[in-house]
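Laboratory data are not the source of any read-out in this text; all were calculated from the coordinates shown. Owing to the predicted nature of the structure, the values given are computational and were not obtained by experimental measurement. All Cβ positions, glycine included, derive from the backbone under ideal geometry; neighbour counts span all protein chains shown.
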Amino acid sequence: MGLRTLAPARGWRPSWDVLRHNALLVVILGLLVALIMIPVVRLIINSFIEGHPAIPDGWTLKNYATAFGMPLFYEALVTTLSLASVGTALTVVIAVLFAWLIERTDMPCRNLAWTLILIPMAIPGVLFALGWALLLSPNTGAMNVLLRDVFGWFGVEMTEGPINIYSLGGLIFLDGVRGVTTVFLMVVGAFRMMDPSLEEAARVSKAGTVATFFRVTLPALSPAILAATMYSFISSMESFEAPLAIGLPANIFVLSTLIFFTTRIQAPLDYGLAAVFGVSYMLLMVFLLIWYRRAMRNSERFSTVTGKGFRPRVISIGKWRYAALGMFVVYFLLAVVAPFCVLLWTSLLPGYRPPSLAAMGTMTLANYVEIFETDRVFEVIWNTLVLMIVASTVTMILAFMASWVIVRAPVRGRGLLDSLMFVPHAIPGIVIALALIMAFLTPPLRYTGLYGSMAVLVLGLVVAYISFGTRLMNSAIMQIQKELEQAAYVSGAGTMKTLFHITLPLLFPAFAAGWVWVAVHALRAFSIPLMLSSKNNEVFAVLLWEFWENGTASLAAGLGVLLIAALIPLTLLMRRFILQVSGQQR
């Protein structure tokens, strides 16, 4: 009955009878394997092919010789590693500090801060970067203009600056602030559930709050913090939006923008060279992923998290309570308020101007009217909604079924499937898009006619987010007792009926949390839609970037404000399901 008999007790191959009774599940698992492996294999093959993928000129090693002989490749590699290292350090320090303040101290407005710290997820990375470009552009940036006026009062005259966002320092700042929410969500549960006895022992020994934090709390939670740090580093290595919007105009390349430049900007386009960059990028990320998984496997030996019913006592930080709240307010201003306000300001002007009383006299809603009068905008909105709904649904259904096999089905090779589902996390979005281009421009997928369609965008996002979906569903399925499924089998229900009538309803909070998470990220996705865009599958992010590139910053800002307005409710909804999944009611 069901997949309990998918593999016989002895031997490797399941019987044809079992395969026939579980055909749909087997097909879905085969589809997942093909979805992940075919583009990757195609990318590797094309790195040895000269010419356009659709019109190859034969096999060659020239692509590798050219790539590894380019100083720009090594400069981009060093910049990528430097940006990820320093940006991750900044992110982790901020996120861990806020997790401690919100969960463990008597900082005022902690519940409000918990909610507000999710809002940065509602601002897509490209909009965050464009907002800060408008704020800190050397000549016309709103903050720079204000700073020059302030310095002028003290007799210091400046014609530009004093801060230039178009620099490596600017990229590090954007990366460090941008990743705080994700790391916070990864470590806040550990702060909430850690064993309080260690800290109590430190206080009995007359250790102060600061000493206890650095000598007891941080070491006790080091496994969770290490996991979040490595995850943040891997995510920073994939960074694309800020390097494209801020780095490229300053001739600062990272690996992701180097691939984009090679396939979308330079003349002539060189897909073979881009494939080498993509393969190198992917191998580096796979190495980091293996390191990450080994570290996490070893870190489980040092767990200090308690069971239910325990909660560390709230720590009084006395006169520092409002200073702590002030730090959070400053972060929220930098991460949300400042970039959103400058985008809103710009969207209400005929063209960008630094804030002033004179500029306020030109404010208008004409940009929003023009956006909705644009012939393509409703098609773009429809495409975006379809992409969000279909990609989220397909990702979570596939993740649910794959996770059930990984956790429940008594078949050999489950560990291999689990590892395979984690592989896409090691493939940057820009590389996933490049691999799909290679796959759908060459036989046999070339004959499907799907290149340039919405289906390709959906496939790209499913590959990108399937790792998250399976991680989430693996944990959720482990919490469900097997007896419930076995009772359904005894009553004559098949595997698929049991999965969708028994198991899935029990897992709905986790499934819904994953669906909302994927929906938010699909709505704000940028690298994959930009690389795979055509006139038939444009989405919000692509049209926004087109407006910006064409010099119509006001239209781009208006479109960005509308996108943020759509993302904020989804982001807040995600917190509800996160709390349901964790079983914690604040």
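In this Cβ point-charge picture (+1 for Lys and Arg, -1 for Asp and Glu), the chain has a dipole of about 2320 debye about its Cα centre. For the chain, the residue among 434, 30, 315 whose Cα projects farthest onto the positive side of the dipole built from Cβ charges is 315. Between residue 49 and 60, the built amide H atoms are under 5 Å apart, and every one of these is 5 or more places off in sequence or on another chain.
Entry note, the chain: relative contact order of 21 percent, from Cα contacts under 8 Å with a spacing of 6+ residues.
For region 494-506, 3J(HN,Hα) computed residue by residue from phi via the Karplus equation (6.51, -1.76, 1.60; θ = phi - 60°) reads x, 4, 5, 5, 5, 4, 8, 10, 10, 5, 4, x, 5 Hz, glycine and proline entered as x. For region 93-168, which chymotrypsin sites (Phe, Trp or Tyr not before Pro) pass both filters: DSSP loop (anything but H, G, I, E, B) and at most 12 other C-beta atoms within 10 Å? The qualifying sites are 154. Applied to region 531-548, the Karplus parametrisation 6.51 cos²θ - 1.76 cosθ + 1.60 on θ = phi - 60° returns per-residue 3J(HN,Hα) values of 5, 9, 6, 8, 5, 8, 9, 5, 10, 3, 4, 5, 5, 4, 5, 5, 4, 5 Hz, with x for Gly and Pro. Given 118, 277, 255, which one lies farthest toward the positive end of the charge dipole of region 90-361, if we put +1 on the Cβ of every Lys and Arg and -1 on the Cβ of every Asp and Glu? My answer, from the dipole projection, is 118. The trypsin sites (Lys or Arg not before Pro) found in region 450-558 that occupy coil by DSSP, while having at most 16 further C-beta atoms within 10 Å, are 535. Taking the structure as given and computing Cα Rg over 2.2 N^0.38 Å, which label from (i) 1.45; (ii) 1.03; (iii) 1.21 fits? For Cα Rg over 2.2 N^0.38 Å, the calculated option is (ii).
For region 90-361, the dipole from Cβ point charges (+1 on Lys and Arg, -1 on Asp and Glu) about the Cα centre works out to 1000 debye, to the nearest 20. Counted by neighbouring Cβ atoms within 10 Å, the residues 60, 181, 470 run from fewest to most as 60, 181, 470. In cubic angstrom, how much convex hull volume per residue do the alpha carbon atoms of region 364-425 span? For region 364-425, the hull spanned by Cα atoms encloses 107 Å³ per residue.
For residue 105, the amide hydrogen comes within under 5 Å of the amide hydrogens of 315, counting only partners 5 or more places away or on other chains and with H modelled in the peptide plane. Here the convex hull built on the C-alpha positions of region 92-180 has a volume of 128 cubic angstrom per residue. Here the 3J(HN,Hα) profile of region 459-475, calculated from phi with Karplus coefficients 6.51, -1.76 and 1.60 at θ = phi - 60°, is 4, x, 6, 4, 4, 5, 10, 5, 5, 4, x, 5, 4, 5, 6, 4, 5 Hz, Gly and Pro shown as x.
For region 90-361, pairs of C-alpha atoms spaced more than 35 angstrom apart make up 32 percent of the total.
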